[in-house]
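What follows is a single structure, written as structure tokens, with notes after it.
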Amino acid sequence: QVQLVESGGGLVQPGGSLRLSCAASGSIFGIIRMGWYRQAPGKQRELVARITNGGGTNYADSAKGRFAISRDNAKNTVDLQMNALKPAAPAVYYCHAPQLGKHYWGQGTQVTVFS
């Protein structure tokens with residue numbers, strides 16, 4: 001089993017920044033990729049960014065140029081730096097880690113960008 005614990009969500013004004021962190025623990029052997037997804041009310045969960053243990057990254061188009069994902073393999077953490085946040089419906093950001101065919105999710109942390 002893998003446990004993922006997120007932190008760092010909250011309220012922020014448009015144009016502001018937030019940094020989300022996810023700590024993985026448990027049987028983490030074989031986790032090659034970790035990522036962040038978000039889900040707004042009534043919408044499907046969607047990829048924001050992901051990173052491999054070699055540092056390869058993928059970003060949603062909406063995140064390119066504003067968000068940066070990073071990973072500390074020694075600490076088993078993955079962070080998402082979000083800059084220039086835009087007004088949007090509140091969304092819950094989830095940390096994700098696939099492992100040997102299983103998908104692990106954190107409990108989520110809410111991000112609200114308000115005017």
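The values are calculated or read from the model by the stated rules, or taken from the named source; none is laboratory data. This structure is a prediction, so every number in the text was calculated from the model and none was measured. Quick reminder, even Gly has a Cβ in these numbers, built from the backbone with ideal geometry, and neighbours come from all protein chains shown. With ligands, DNA and RNA removed, areas are computed over all heavy atoms of the protein, side chains included. Shrake-Rupley method; radii C 1.70, N 1.55, O 1.52, S 1.80 Å.
In the chain, the ratio of gyration radius to Kirkwood radius, Rg to Rh, stands at 0.96 when only Cα atoms are counted.
Restricting the trypsin sites (Lys or Arg not before Pro) of segment 68-115 to loop positions (DSSP other than H, G, I, E, B) with no more than 12 neighbouring Cβ atoms within 10 Å leaves Lys75. For segment 2-110, state which chymotrypsin sites (Phe, Trp or Tyr not before Pro) are in a DSSP loop and have at most 15 other beta carbons lying within 10 Å of their beta carbon. Those that pass, being in a loop and sparsely packed, are Phe29. Split the accessible area of the chain by element, probe 1.4 Å, and carbon with sulfur accounts for 52%. As a calculated quantity, the FRET efficiency between Asn73 and Phe114 at R0 = 35 Å, using C-beta atoms, amounts to about 0.50.
Count charges around Asn53 for me, please; just the other residues with Cβ under 14 Å from its Cβ, Lys/Arg as +1, Asp/Glu as -1. Numbers along the way, then the final one.
On the way: positive: Arg33, Arg50, Arg71, Lys75; negative: Asp72.
Every neighbour counted, the sum reads +3.
Packing order of peptides 43-49, 10-16, 22-28, highest average first: 22-28, 43-49, 10-16 (average count of other Cβ atoms within 10 Å over each peptide's residues). Placing +1 on the Cβ of every Lys and Arg and -1 on the Cβ of every Asp and Glu, with no other charges, gives the chain a dipole of roughly 140 debye about its Cα centre.
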